[in-house]
Every structure is written in structure tokens, then in C-alpha cells.
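S.K.: I'd like to ask some things about the structure below.
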Amino acid sequence: MPETSGSQPPGGSAAWASWVAFAGIMLMLIGVFSVIAGLAAATGDGYIKATAVDQVFLVNYKILGFAWIVIGVIKVWTGWGLIQGREWARMVTILILFIDMITHLLALTSQPFLSLLFITVDMVILYGVTVRWDVAKIGMGD
């Protein structure tokens, strides 16, 4: 006997559109966190454990902090574009997530848990915007 309640989970294109909306919201949230982490790293208040040379691999902590601030602002902007279903936002998201994962790999030795957390969330967002984009566009109304 078929179920008649309206509590069915979305199927087909609506389910993939939900993934893209989730990715957009997560991208905006992680963008805010990146700005906060960047401000903490750029001000040098002990957020990142200092090494003998005050560098993460070949990059100074302040430079890494400013990079996280710029990346965070771009993440918030592209997250908003993803929620609206913009194609440019998808391409910018893919590019900025790769750059962000590289910057977090640079900080892996000084803050391993947070770096791995950011990389994991970036990979989930990357999944949401790369898998079944054409189907998701149908669910978003395009």
C-alpha cells in the first residue's frame, strides 16, 4: 500500500539540489571560520603553534593568515552563489577548495586536528558541487 503522507524525502533532482544547497550553506559557514582562523593567525596571538623559524613549511604564519582571510571571504561569496544555483559559483568553489586544502596541508604540522577537519569538510562540499550537477540544476529550477 503506497504511503500518502507528505513526509517522503526528496528524490531525483530535488535530492541533488538539496546537496548543492547544503554545500552552499557549509561553504558559507566554513568561510566565516576561515576568516576567524585567518585573523587569529595573522595577528600572531598564539593560535598556531610557533616553530623555531616562525614558519609553516616555507610560508610565514601572517601570510598564511591573510590567505585564509581572502579564501574565507571568497567562500562566503561563492556559497551564496551556489545557493542561487549559479554555474560560476560551482567553478569558483572547485578552484577555491583546492587552494584551501593546500593551505591547510601547509598548516598540518602546527594544528593537525583543525587542518584535517577543514580538509574533510572541504571534500564534502566538493562532493556536493561536483556529483550530478546537471541533475541538481533541474531540481533548482533551471
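S.K.: Between Val76 and Leu106, 0.36 nm times their residue separation minus their Cα-Cα distance comes to what? Spell out each step's value before the answer.
M.R.: Numbers: separation 30, 0.36 × 30 = 10.80 nm, distance 2.21 nm.
Gain on extension, Val76 to Leu106, equals 8.6 nm.
S.K.: How far apart, in nanometres, would the label points at Ile63 and Val131 be if each is projected 7 angstrom from Cα along the Cα-to-Cβ direction?
M.R.: 3.7
S.K.: Continuing with this model, one more query. With each pseudo-label sitting 7 Å past Cα toward Cβ, what's the Phe33-Ile99 distance in nm, one decimal?
M.R.: Taking the two extended label points, one gets 2.0 nm.
S.K.: Fewest Cβ neighbours within 10 Å first, please rank Phe33, Phe118, Phe113 accordingly.
M.R.: Values: Phe33 16, Phe118 21, Phe113 8.
Fewest-to-most Cβ neighbours within 10 Å comes out as Phe113, Phe33, Phe118.
Each reported figure results from applying straightforward, stated rules to the coordinates on display, with no laboratory input. Bear in mind the structure is a predicted one, so any value in this text is a computation, not a measurement. Cβ coordinates were reconstructed from backbone atoms using ideal geometry, including for glycine residues, and neighbour counts include every protein chain displayed.
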